[in-house]
Each structure stands twice: as C-alpha cells, then as structure tokens.
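All remarks here apply to the structure that follows.
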Amino acid sequence: MSDYMPLEAILKILNRLPVKSLLRFRSVCKSWNSLISHPSFISSHLQASLSNNTPFLLLGCLKRDGLKYSLHYDNDGFGKLKQLQFPPRACVFGSCNGLICIQLYPYNDGLKFLLWNPSIQKYISLPQLSFSEAKGLNVGFGFDSRTNDYKLLIIGADEDHSWLQPYLFSLNGNCWKRVTTISTNYDFLFEMSMPFVNGAVHWLGYQKRNYGQYRHAILGFDLSTEEFFKINLPESLTGLLPVDLSIMKYGESSIAVSVEMLPVKLHELWVMKDYGVVESWTKLLSLQRIDRYAWIPRVLGFRKNGEVLLRVHKVEMASLDLNFLQFGASLCLNCRQVELHGVEVGTGLLSVYNYVESLVLLDKEVDVRCESDVNHLIYSSDSDESSGVA
C-alpha cells in the first residue's frame with residue numbers, strides 16, 4: 001500500500017482508527033507491525049485519541065460480591081463498554097493514558113504494583129518494594145511529558161502520621177528511587193487516589209491547631225521536576241475535620257475539593273478555576289438533604305463535558321449540568337437538572353477515573369491472551385521479580 005500512498009497519509013489514516021482495528025492491522029505485514037508498534041506512533045495515536053475519540057469512565061464499586069471495576073462510555077447513553085476482570089485482592093490507584101495502576105494484596109513481603117492496559121491486554125509488573133515501616137500509603141500515578149515516562153509516587157506515614165521518605169518508580173528506568181521531601185509540618189490521611197493534573201499528583205494535608213481546629217492545604221509532587229509544593233485552600237474551610245474533605249480532578253487542568261459534613265447533612269463542592277491561583281477558589285455547588293429520610297447526593301467526580309457525577313438515592317449514578325445552576329446554588333434531590341444513568345453503584349463506590357483507549361505498552365512486556373489469564377500470569381511472575389531500588 002505504501003507504494004501507492006505516501007507514508008504521511010497512511011499515518012494520518014491509522015491515527016484515526018480505534019485500537020481494536022490497529023491490533024488486527026499489525027498482521028497485514030511486517031512493516032505495518034513495526035509502524036504500529038513504534039513508540040512515536042503509539043504517542044501520536046494517543047494524542048489523536050485524547051482529542052477526537054469518545055472518552056470513557058472507569059468506575060470502581062464495592063458490592064456484595066466484592067470490588068468491581070467497569071468501563072462506561074462518557075456520552076449521552078453512558079453505556080457499559082466492558083466489565084474488567086481484575087486479580088483477587090486488587091485495587092486501582094490511578095488511570096493515565098490508557099494505563100491502569102493496580103496494587104495487589106497482601107503485601108507482607110513487599111508492595112506489588114501492576115501497570116495494565118486492558119485495551120491491548122498487556123501489563124508490566126513493577127519490582128517489589130519493601131516499605132514495612134509504613135502504616136498507611138498514598139499512591140499517585142501519572143505521566144512525565146518531559147521525558148515521556150510513566151511514574152508512580154508512594155508516600156507513607158508511620159503510626160504518629162509522620163512522613164516517611166517517599167519512593168518514586170520510573171517505567172523508563174524500571175526501578176524505584178528514594179525522593180527527598182520538603183520540610184513540612186502537614187500530616188495527611190490515606191486516600192484512594194491522588195489526582196494527576198498539570199503534570200503533578202495531589203493529595204490533602206492538614207495541621208492540627210489549638211482547640212481541635214484544623215488548617216488544610218493541597219500538597220503536590222511535580223513528576224517532571226520531582227519537587228514537592230503546596231497550594232492553600234480557602235480560609236472558609238479552616239476548622240473542618242480532615243475526614244470531611246476529599247480531592248478530585250476538575251476539567252483537564254485543575255482540581256476540586258469536595259466537602260461532606262455529615263452531622264449537618266451538607267455537601268459542598270469547591271473548584272480552583274485557575275490552577276495555582278488561590279484567589280480563584282469558588283464554591284460551585286451546595287447539596288443539602290431536604291428531609292430526614294432523604295439521602296444527600298454525593299459528588300463523585302466530573303465528566304469530560306464538565307457535568308458533575310453524583311450518587312443519588314443512596315445507590316444510583318446521575319449527572320448534573322452546572323450550566324443550569326448559578327455558582328453556590330443549592331440543589332434538592334428532585335431537581336430536574338439531575339439526569340439518572342441507570343447505573344447502580346451502591347454505597348461503596350470507591351473511585352471514578354477518566355479513561356482513554358490507547359496503544360501504550362504495545363512495545364513492552366507480557367501479553368495477556370484473555371482477561372482471566374492476568375491472575376495466573378501476575379502471580380506466576382512474582383517469584384521472578386526482584387526489588388529494584390536505585
């Protein structure tokens with residue numbers, strides 16, 4: 001085909017095709033296999049997918065039969081693409097460019113992580129990391145665009161909530177290294193996810209002050225510069241308990257903080273309109289229970305189109321178009337702007353991540369023939385893994 005069509009034209013066509021088609025086209029000839037598996041094409045196809053393709057949401061739900069993860073189209077239909085088959089005792093800690101970061105339990109003999117691309121059925125088992133002194137962990141996963149590298153940050157704390165020296169994994173180097181922290185007197189709670197925004201992972205920190213009061217801030221780690229930083233929260237959030245706050249990604253380039261005050265049955269959503277600008281914090285939404293028997297809506301995250309994802313009526317997922325509301329407006333449970341999706345998430349929804357199909361990892365490591373094989377392959381390879389700390 002290249003004898004009749006310029007390579008540039010072929011690349012433009014292939015960049016528009018879905019992952020499933022490209023995987024089949026690798027068998028056309030050796031040159032196509034080499035082209036589609038090349039890192040430069042994998043990167044250009046990813047950029048095209050992020051710009052043009054229908055996005056997905058990765059939902060994690062704790063149900064009666066265990067922790068379940070599924071991919072849903074982030075469009076009007078909100079239909080399910082597939083139910084993902086994860087290894088037993090596995091938990092998702094992030095999703096970036098089609099890769100899902102999974103931690104495997106138990107980890108008495110070392111932390112076990114996996115980077116898996118379910119679109120192409122390939123995964124990488126990370127070298128095990130000994131971190132036995134940590135009584136809790138925060139895990140942040142993201143992409144360093146400067147070095148074209150995927151990185152994983154592990155932050156631990158001891159029984160006194162004092163920081164332990166963090167570790168950073170580099171996929172390019174396939175090893176862990178210790179990271180020097182900034183001097184900080186902020187403690188932190190252990191969270192299910194650390195949102196990756198603007199090249200950095202983020203989590204909430206707090207300081208205990210006099211009379212049981214708390215001061216909060218967002219702590220961050222830039223994956224390119226490998227430096228820690230701090231972003232202040234609005235003064236109006238001072239005094240809240242650390243468990244009342246949670247952090248999430250807002251749009252493509254900023255962050256939001258959800259405030260859930262159960263004793264007063266109030267849920268607020270604050271967004272940073274301009275990333276890094278403290279003065280741009282805005283209370284976007286206030287959700288309040290309308291009677292003693294109703295369930296207060298809970299903010300779960302944001303869709304690609306900017307709508308807020310909610311859990312309503314205790315177990316259902318819904319969307320709210322903020323264009324119909326003024327900033328800081330209150331919302332009742334029967335508000336017509338709330339659109340139900342027919343998805344039952346239960347009371348134990350753990351995570352909502354943006355997801356895109358990609359070819360990332362196509363040129364690397366282990367091929368999984370079917371989703372059920374991932375269990376055997378992961379655990380059979382554990383005995384061959386060695387610790388890789390630089």
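Viscosity 0.890 mPa s, temperature 25 °C: give me the Stokes-Einstein translational D for region 23-77 in µm²/s, with Rh taken as the Kirkwood radius over C-alpha pairs.
Diffusion coefficient, whole number: 174 µm²/s.
Can you give the FRET efficiency for Asn210 and Ser253, using 1/(1 + (r/R0)^6), R0 = 35 Å, r = Cβ-Cβ distance, to the nearest 0.05? Write out the running numbers ahead of the final one.
Numbers: r = 37 Å, r/R0 = 1.05.
With R0 = 35 Å, the Cβ-Cβ based efficiency is 0.45.
Sort the following peptides by mean Cβ neighbour count (other Cβ atoms within 10 Å, averaged over residues), highest first: 271-277, 122-128.
Ranked by mean Cβ neighbours within 10 Å, highest first: 122-128, 271-277.
Restricting the calculation to Cα positions, tell me the Rg (one decimal) and the Dmax (whole number) of region 53-131 in Å.
13.8, 45
Whole angstrom only: what separates the Cα centroid of region 211-241 from the Cα centroid of region 1-60?
Here the two parts' Cα centres lie 41 Å apart.
Within the P(r) computed for region 212-269, what percentage of the Cα pairs occupies the region above 17 Å?
45 percent
What chymotrypsin sites (Phe, Trp or Tyr not before Pro) does region 164-246 have in DSSP loop regions with at most 15 other beta carbons within 10 Å? If you can, show how the numbers build up before the last one.
On the way: sites: Tyr167, Phe169, Trp176, Tyr186, Phe188, Phe190, Phe196, Trp203, Tyr206, Tyr211, Tyr214, Phe221, Phe228, Phe229; in loops: Tyr186, Phe188, Phe190.
Here the sparse-neighbourhood loop sites are Phe190.
FYI, it's all coordinate maths here, none of it is from the lab. What you are looking at is a predicted structure, and each value in this text was computed from that prediction instead of being measured. FYI the Cβ positions are ideal-geometry reconstructions off the backbone, even for glycines, and counts take in every protein chain you see.
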